[in-house]
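Just so it is clear, none of the values below were taken in a lab; they were calculated from the coordinates. Only a predicted model underlies this, so the values are computations on that prediction, with no experimental measurement involved. In this analysis, Cβ positions are derived from the backbone assuming ideal geometry, glycine residues included, and neighbour counts consider all displayed protein chains.
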Amino acid sequence: MNKLRTPAGVGDIYGKDCLLKAHTTDSIREVCQQFGYGEIQTPAFEYLEVFGDDMSIPSDESIKFIDTSGKVLVLRPDFTTSISRAVASHLSDKPLPLRLWYSGNVYRSGETYKSAKKKEFAQSGVELIGANTPNADAEVIALTITALLRAGLEDFQLELSHSDFLQGIIEDCKLSEDDADTLRSLLDKKFSIGIEEFCDNHAITGTNREILSEISLFFGDCEEVLAKYTHAPLNEKSAAAIADLNSVYNILKAFKMEKYITVDLGQVRSFRYYTGVIFRALTTASAFPICGGGRYNTLGRRFDLDLPATGVAFWIDRISDAICRMENKLDLKTEADAIIFSKEENLSEAYHLASSLRSKGKKVILDVCNLSKEEAQHSAEIRNIRNVYFV
Amino acid sequence: MKYLTIALAKGRLAELSVKILMDLGYDCGEILEKTRKLIFTDEEHKLKFILVKASDVPTYVEYGAADIGIVGRDTILEEGRNIYEMVDLKFGKCRMCVCGPASLKGKLGEHSPLRVASKYTNIAKDYFDSKDMPIELIKLNGSVELAPLTSLSDVIVDIVETGKTLYENGLDVLEEICPLSARIIVNRVSAKMERERITHIVGSMKAKVHLNDSNN
């Protein structure tokens with residue numbers, strides 16, 4: 001086998017791609033810090049039990065290996081679960097709510113991701129733990145919008161939904177867990193013919209039928225959709241979900257962010273642990289959502305931590321890609337600003353010149369190869385460095 | 001205004017789709033002239049039409065290279081892409097079936113594992129998985145009916161339109177997996193970011209085929 005090859009699904013990045021990625025990560029980090037969030041780092045791999053049951057990523061979508069004592073380890077497929085574990089083990093006595101941000105890689109494989117062959121994904125995000133108010137949901141959404149704007153995106157939508165809206169209908173129809181999964185996957189594909197068939201086969205009638213039939217095509221304008229369901233004869237759970245969305249939307253309006261907000265009540269939660277307002281960010285420049293987040297009030301119970309929480313994860317590579325595809329591309333320069341060549345006896349002077357330029361924010365290379373003047377000029381030229389000093 | 005791109009599955013589905021699109025006033029008749037062009041543009045409506053191999057339509061749509069696609073449900077099921085399947089166009093109707101010698105009717109469970117040949121390996125696997133039946137799967141690329149005749153497999157999973165090819169080769173439909181027809185699929189992000197234009201195109205095509213359907 002070729003020694004230079006990397007395994008399928010992972011790869012090297014360098015040069016402009018790294019600068020772009022750093023730009024995205026830095027923009028998000030700055031905004032997280034400005035919102036008063038503190039950093040948390042968790043290990044890249046954990047025991048399988050942390051992610052193990054049906055609450056987060058299906059086990060066949062994670063990358064597993066075995067440690068020397070025979071325990072199964074899993075490369076972190078999701079930050080939120082790791083952070084819940086970390087909070088339960090170290091931070092549960094800290095003043096609430098906790099505001100945490102993170103940045104790192106998640107790893108996923110398996111059939112569901114066959115269309116996205118990548119296995120290593122850079123993610124940044126935040127978790128707001130210990131607050132169960134619409135203000136907390138709105139804060140995380142406002143932070144998301146601010147971070148995307150800071151990174152340089154303009155044309156995007158922040159699409160809201162609520163996991164209890166569908167859950168309420170599913171419970172009202174008394175569907176089994178398997179049937180509920182089938183219905184969720186039909187709604188997720190907006191497969192209206194399939195939804196009608198499903199309703200016929202499960203004798204779903206009345207308001208529930210009406211909503212399921214129309215929901216896959218009735219999305220977009222937040223005021224219109226929420227207004228329609230605010231006065232609809234809904235079951236208790238779905239009605240509470242609409243009330244919840246109304247509260248969050250009104251706060252975002254007060255923040256003057258409504259122009260970024262849309263709604264799709266047929267949006268199916270991407271993680272089973274979501275329990276309330278969920279959202280994702282979409283932009284024309286990316287075929288996949290660039291952020292996803294939501295409320296997960298029960299996830300912590302797995303770690304004996306009963307705290308309501310909400311959060312968001314940013315898909316760094318997709319955001320970088322979207323920025324790269326925009327017309328007014330960022331000016332990312334990989335080359336150094338200056339290069340200094342020196343004679344051996346002038347090395348001290350050369351180093352001081354380099355230091356003084358560097359302290360002014362210039363990117364300066366100090367040659368280490370003792371090149372002749374001719375070789376030096378050629379070297380600067382092929383590196384595309386304009387300012388060349390000879391000391 | 002940004003161009004919206006519609007991917008059409010080369011062949012009969014593209015021809016039928018073009019007729020509907022032309023009836024709705026879109027300028028895409030050029031597709032019916034047998035040229036070597038792959039991209040056609042309707043400047044007035046800012047639409048681009050691309051002709052691609054059927055099995056690639058869901059891929060173009062998933063990755064957003066096309067916003068909308070028109071393709072058979074067999075391809076959608078087989079490719080399993082992350083897309084919205086919004087409208088049944090009601091043409092290109094046929095069935096996905098398990099076929100084999102009539103003597104096997106009702107006796108598929110007796111073979112363990114059952115040897116299944118198909119172009120549609122994902123559909124075959126999902127179907128027999130859902131029935132908890134162990135199978136041995138053999139991927140073929142054409143003339144699938146030959147497989148049971150040459151003892152390559154016990155049965156096949158394939159599209160049945162009239163059943164003529166089957167009957168002429170002494171085979172029969174043993175089980176129906178699902179009905180098939182042409183569908184409109186939509187990229188998940190485009191559906192949101194270009195909601196009004198896409199809803200308009202998709203909605204008017206839906207209305208048109210349902211009108212045609214009720215007139216027949």
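Data for the structure
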read-out	value
Translational diffusion of the stretch A:156-266, µm² s⁻¹ [Kirkwood Rh, Cα pairs; Stokes-Einstein; 25 °C; 0.890 mPa s]	171
Cβ-based exposure ranking for B:K206, A:K333, A:K228, in which fewest neighbours within 10 Å come first	A:K333, A:K228, B:K206
Separation between Cα centres of the stretch A:152-173 and the stretch B:1-36, rounded to whole Å	34
Principal-axis tilt of helix A:163-172 within chain A, Cα atoms, nearest 10 degrees	20
Residues B:T150 and B:R12, FRET efficiency given R0 of 22 Å [Cβ-Cβ distance, rounded to 0.05]	0.15
Cα-Cα P(r), the stretch B:37-175, percent of pairs per 10 Å interval	11, 36, 29, 17, 7, 2, 0
In degrees, nearest ten, helix A:206-215 long axis to first principal axis of chain A (Cα)	20
Centre separation in Å (Cα based) which lies between the stretch A:266-315 and the stretch A:325-391	46
Virtual spin-label span in nm between A:T230 and B:E176, 7 Å along Cα→Cβ	4.7
Relative counts (whole %) of C-alpha pair distances in the protein assembly as shown, using bins that are 20 Å wide	16, 44, 30, 8, 1
Extension gain (nm, one decimal) between B:A65 and B:A207, 0.36 nm per residue minus Cα-Cα	48.5 nm
Nonlocal amide H pairs with B:V87, under 5 Å, H built at 1.01 Å	B:I184
Linear extension gain, A:D331 paired with A:I193, 0.36 nm per residue minus alpha-carbon span	44.9 nm
Order of A:S379, A:S192, A:S356 - criterion: other Cβ atoms within 10 Å of each residue's Cβ, fewest first	A:S356, A:S379, A:S192
Virtual spin-label span in nm between A:L48 and A:N370, 7 Å along Cα→Cβ	5.8
Links that overshoot a 19 Å alpha carbon limit, given the list B:K34/B:K164; A:K190/B:K125; A:K118/B:K2; A:K190/B:K139; A:K21/A:K119; B:K34/B:K93	B:K34/B:K164; A:K190/B:K125; A:K118/B:K2; A:K190/B:K139; B:K34/B:K93
Per principal axis, descending, Cα span of the stretch B:94-180 in whole Å	30, 27, 25
Residue order, fewest to most surrounding Cβ atoms within 10 angstrom, among A:L149, A:L212	A:L149, A:L212
3J(HN,Hα) from dihedral phi, the stretch A:139-154, Karplus parametrisation 6.51/-1.76/1.60, rounded to Hz, x for glycine, proline	4, 5, 5, 4, 4, 4, 4, 4, 5, 5, 5, 4, 5, x, 7, 10
